[in-house]
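Okay, so here's the structure we're looking at.
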Amino acid sequence: MQKGHMLTISCVALALILGCDKTETIGPRPVGSTSTDQGWLVPKNLVIDGGPGKDGIPSVDKPTFVVASEVDYLPAEDLVIVIKMKGQVRAYPHDILDWHEIVNDRLGGVPFAITYCPLTGTGVAWDRLVQGIETTFGVSGLLYNSNLMPYDRYTESTWSQQRLDCVNGTLLGAPIPTYEIVETSFSSFRTTYPEGEVMSTDTGFDRPYGDYPYGRYLQHDELLFPVTRRDDRLPLKERTLGVLIGKEGRRVYQFSQTSSNIEMSRDTLNGQALILVRSNEHNLLVAFGDDGRSLALADDPFPAILEDEEGQTYDFMGLPLDDSSDASSLYLPNQFIGYWFSWGTFYSGIEISSW
């Protein structure tokens, strides 16, 4: 449970960080009236106004990109969210997402939004087609379980990022389709895709990219905003991978506590056979759908991750490393990394893999 003075201090800090003029209007408080009156799928009194207000944290709607081999504004160890779309990949740095939380983009002709919540450490790629209409998402300024609540600019409905559905508005109850993503270090992305695109700091906004906006938040277990339940089975802010398959399949996987080598394990979740790969050295933790290709750890060095019975190797996005091969890419089921407290909060009693 967070202490009142911690919340007050945090909100003043957020006000200063976000450049608000009147800190007295900033504060975690239950939401009163909204622009819609269609009910909520989550307890309305637990929906918190985080302070900046609607679009107070601005989405980036016209992102620009730099070839990975030419990037000079990211340290090698910095985290990026990598999306795979029709065989193409693109990376979005946490350093930028920390300040914007949503990037509306298009790749391979497909409109999507990278949504990222710095407080829960969750990054998910969302479809931008709402009721068949292409729209963009913005930051509502609201939080549920300390997690981002985007709104779509077509219907003004409010969504929950980690629940992956609409929780208020005309689309109440609608699930949000997602796309394949992996979170890893910039170094791993650059090694694998030296010609891949990385979002640039030319966003149209003046922000101190590279400076973390939430102070010492990651260095202790205190939270800035209340959550519905606290699960202490793991350190609250440990980065963990959650895999979601169907309505019942939920499981969390951890990075290795003892080895930096590339490791592989097999599992089954809600009837889906999985191959898990993790590496502390390359900051990777990813689940692939096992489609019967007899995959094993690759003998070749990184960026090769897995190898099939015909000797074809695959990278961390599941793409074949041999461009001339007709091998199909490996499937990435719905998954994303988040701080443990968020998985324990949103999915009560979620199983933690013993791997």
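Summary of computed values
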read-out	value
In region 246-295, the trypsin sites (Lys or Arg not before Pro) that fall in loop regions by DSSP, at most 10 other Cβ within 10 Å	Lys247
Computed helical MRE - 222 nm, the chain, DSSP H runs ≥ 4 contributing -39500 (n - 2.57), nearest 500	-3000 deg cm²/dmol
In region 59-104, the trypsin sites (Lys or Arg not before Pro) that fall in loop regions by DSSP, at most 14 other Cβ within 10 Å	Lys86
Percent of alpha-carbon pairs separated by more than 19 Å within region 276-338	25
Full-stretch length increase - Arg266, Thr191 - with 0.36 nm per residue and alpha-carbon distance subtracted	24.4 nm
For Arg90, distant residues with modelled amide H under 5 Å away	Ile83
R0 of 25 Å, Cβ-Cβ distance Lys86-Thr64: FRET efficiency to nearest 0.05	0.75
Degrees, to the nearest 10: 4-18 long Cα axis against longest axis of the chain	80
Long-range amide H partners of Tyr331 with built H, under 5 Å	Gly289
For region 41-113 and region 179-213, distance of Cα centres in Å	9
Restricting region 41-106 to GluC sites (Glu not before Pro) in coil, as DSSP defines it, with at most 16 other Cβ within 10 Å	Glu77
Estimated distance in nm for a label pair at Ser325 and Asp165, the labels positioned 7 Å out from Cα along Cα-to-Cβ	3.9
Among the listed pairs Lys86/Lys237; Lys44/Lys86; Lys44/Lys237; Lys62/Lys237; Lys54/Lys247; Lys84/Lys247, those beyond 29 Å (Cα-Cα)	Lys86/Lys237; Lys44/Lys86; Lys62/Lys237; Lys54/Lys247
Relative contact order, percent, region 40-151 [alpha-carbon distance under 8 Å, six or more residues apart]	31
Anisotropy class of region 141-180 from Cα gyration tensor, a/c 1.5 cut	oblate
GNM flexibility winner over the chain from Pro303, Pro58, Pro235 (Cα, springs under 10 Å)	Pro235
Rounded to the nearest 20 debye, dipole of the chain from Cβ charges on Lys, Arg, Asp, Glu	1580
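FYI, it's all coordinate maths here, none of it is from the lab. All values derive from a computational prediction rather than experimental measurement. Heads up, the Cβs are rebuilt from the backbone with ideal geometry, glycines too, and the neighbour counts pull from every protein chain shown.
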